[in-house]
1. Does A:Ser125 fit the bill of being of a type in the set (Ser, Thr, Tyr), more than 30 Å from A:Lys238 (Cα to Cα) and in the same structural domain as A:Glu179 (by TED's automatic domain parsing)?
2. Quickly run through region B:41-70 and pick out the residues that are without any contact (Cβ under 8 Å) to a residue 12 or more places away in the chain and open to solvent by 40 Å² or more (accessible area, probe 1.4 Å).
3. Quick one: which of B:Gly149, B:Gly131, B:Gly104, B:Gly84 is buried (at least 19 other Cβ atoms within 10 Å of the Cβ) and touching a residue at least 12 places away in the same chain (Cβ under 8 Å)?
4. Quick one: A:Ala213 ticks every box in (1) within 30 Å of B:Ala219 (Cβ to Cβ); (2) of a type outside the set (S, T, N, Q); (3) touching a residue at least 24 places away in the same chain (Cβ under 8 Å) bar one, so which box is it?
5. Within the set of pairs 6 or more residues apart or between chains, which connect a residue that is at positive phi and in contact (Cβ under 8 Å) with a residue 12 or more places away in the chain inside region B:186-205 to a residue that is open to solvent by less than 20 Å² (accessible area, probe 1.4 Å) and acidic (Asp, Glu) with Cβ atoms less than 9 Å apart?
6. Go through (1) at pLDDT 95 or above; (2) under 14 Å from the mean Cα position of the chain (by Cα) for A:Ile357 and report which single condition fails.
7. Condition first: acidic (Asp, Glu), under 13 Å from A:Pro34 (Cα atoms) and outside any helix (DSSP H, G or I). Now tell me which residues in region A:266-306 satisfy that.
8. Condition check: out of contact with any helix residue (DSSP H, G or I) (no Cβ under 7 Å at 6 or more places or on another chain) and β-branched (Val, Ile, Thr). Does A:Thr381 satisfy that?
Amino acid sequence: MTDPLIRSIVQQIQSWFSQANKAVESQSGLVDLPVSLQTQLWQEIQGLSTPMLYQRSIQDAIASAVENWQNNLEAPNSLVLLGNPVEPITQILEDSLDNWPSPILPPKTLLPTLTRPPTPEKIKSQLQKATKPYQQQESSQTVGDTIPSEQLEDRKTLLVIPCLEQCFLRCIGGWEGIEYLRDVVLASRDCFWVIGCNHWAWDFLNFVCQINAYFDQVQPLPELEGEACQDWLDAIAKTVIALDSPEEDQEKRRHSYWKSLASQSSGISSIAASLWLQSLRISPDDFDEDTPPSLNSESLPPLQETQPSLPHLPPLTVKDRYILHSVLIHGRITRSHLALSLGESASIIQSYVQVLIRKGLLQQQQGQLSIYAAHYVKLKTELANNNFFVGED
Amino acid sequence: MALFSLNQAINWAIFQQVLAQNNGELSQKLLTEITVNKLLKAALTLLIAYGLLALIQWLTNWASERVARRFRLLIKQALPFWKGLILIVAVSYLLSLFLNLSQGNLIALTGTIAVALGFAFKDYVSSIIAGLVALFEAPYRVGDRIIIGDHFGEVVGYGLRGIQMKTPDDNLVTIPHNKTWTEAISNANSGQLEAQVATNFYFDHTINPDQVIRILYQAAYSSPYTQLNLPILVVMEEHQWGTQFKLRSYPMDARDEFIYKTDLIRRAKQAFSRHQFPYPKRFDIQDK
């Protein structure tokens, strides 16, 4: 892992360059996209399937691990797939399994829409209910003491828990469900378990219940290169971007653009999507302010891609950092759960959350707070510099 | 004190010997010609040194409170170095301005100053020397949380004569460096950001220790202030009146000590009340 100090310096230098680029852009007369057009483009991106590189990587990892488990009695019966807190790990796993032409085993997703219940103690009972049909031994038995006789022919069940971070809350008794699940996975060796989780949650769970010791196979999502970013976003980009220069120059310029986008976004798809959208500009002469351009209209003016750059991280208070760190560990979290995890009353947290939403660091979807993807890289450095533990991406 | 007296005696003897050797010519050779220009230069030097010292103190505090925690102590700990550098340059310049610093003169001057200071400002000089020693031995540094005598707080200033400590009640306490000769110094973080916090909990003898220990570990792990990279430990002790549990853990920033302790106690007590754990009973003297 790069030292946070070096990372801060690199980010600062990049920030100076991006400021210089912005000055050039303003001289060239291009302006930001109207909000309505940005929203429409964002919805288009949301409608895209997750990057194929992710899907293929997950399919290959599952196929190889399941094959090993089916051929070797002692092989591990689980595979953990780790993503960043800003990646939609549930959707990535779902897409990977849905678009798998010939899956090695038919997957069964446990708790596909699990969100933390209002009282965290209930998480364990939900997990108990969901895993009951697949348990091999009585809960009263000590794990590892008596393993029922196993046969390779019985190994035909592939279970998926798409989002492990929704199965715990950082409070007393908040990770009992994880401890229970950990023991069930170890005991139920005739089922293969695929678990999706974010790095920060995984590292936290490793601190509090040594989860790494129970899961042999942990695989992070691959980093997207420029080409992978292009393959993923070009479906939309090609329809809206102005391609006016000769084809060869265009190819070279676009290649360099996507490479830069992948580098800035650290190969994380959600950040790449945000940066791509932020890098789009439009000429003010091409539209009338009274009738903003729309994706649906036939006369959408061509958009220009400018140098992608990470947004400036707004100044943070000490309290802001604790809130953002907690959100990163939990991936998505409601305000009441956030207050519980911080040991504060909801009324105190409320005002800080509102300010963070206004600053663009937090976003709220269906009552759940999450980090705005484009800020993730700088926020991670900021938290590391302030002595917080950060997930090893 | 005995050591100091011995130093004084030696210096006095050297001084007498050099005086005898130079046969009265010393005072004429030691001092250079004093002119108005030199006096102005000296005044300007003092002014600049004073301004720089004030500026460096302010700049260090300003910068250290604005950077990320990781760099706060690095900046603060550089304060004595910068102050020392300014003082050495200023004093050297002033000496070279007014004195002929030949080998003989230097010995004579040292002896004279030692005798003069030994009688008049021995505590002050002792503090300065202790401050220099403390720079190398580092019993405390700027940003450390220390206990000297009855005082506890964070070292916020490192002067020539002493340190300034900010107490939890926001009082500024000045303590001379020469306290390090005689007083024990307890340093909680010793140049690190984290300092261990010990939080005590008391229960009746009938308590189930496994349950308490499990809750205390979870209280520490779940607190947003805890530095999870450092060890967390619960230890028990039996007393006549009940059982004591001590939770030892580290906050991410030693400055959060009290808010951290409060958070741990609040979290743990909420869990204890759910389980209705028995607290120690008060001895009723009348019943006995």
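1. Numbers: of a type in the set (Ser, Thr, Tyr): yes; more than 30 Å from A:Lys238 (Cα to Cα): yes; in the same structural domain as A:Glu179 (by TED's automatic domain parsing): yes.
Yes; evaluated as a whole, the condition is true for this residue.
2. B:Ala43, B:Leu44, B:Leu47, B:Tyr50, B:Ala54, B:Leu55, B:Trp58, B:Leu59, B:Trp62, B:Glu65, B:Arg66, B:Val67, listed by residue number.
3. Numbers: B:Gly149 fails: buried (at least 19 other Cβ atoms within 10 Å of the Cβ); B:Gly104 fails: buried (at least 19 other Cβ atoms within 10 Å of the Cβ); B:Gly84 fails: buried (at least 19 other Cβ atoms within 10 Å of the Cβ).
After applying the criteria, what remains is B:Gly131.
4. (3)
5. B:Ser190/B:Asp144; B:Gly191/B:Asp144
6. Tallying (1) at pLDDT 95 or above; (2) under 14 Å from the mean Cα position of the chain (by Cα), A:Ile357 fails exactly one: (2).
7. Answer for region A:266-306, where residues must be acidic (Asp, Glu), under 13 Å from A:Pro34 (Cα atoms) and outside any helix (DSSP H, G or I): A:Asp288, A:Glu289, A:Asp290.
8. no
The values are calculated or read from the model by the stated rules, or taken from the named source; none is laboratory data. Everything quoted here is computed from the prediction, not taken from an experiment. Counting neighbours? That spans all protein chains shown, and the Cβs are built from the backbone with ideal geometry, glycine included. Only protein heavy atoms, including side chains, enter the accessible area calculation; ligands, DNA and RNA are left aside. Shrake-Rupley method; radii C 1.70, N 1.55, O 1.52, S 1.80 Å.
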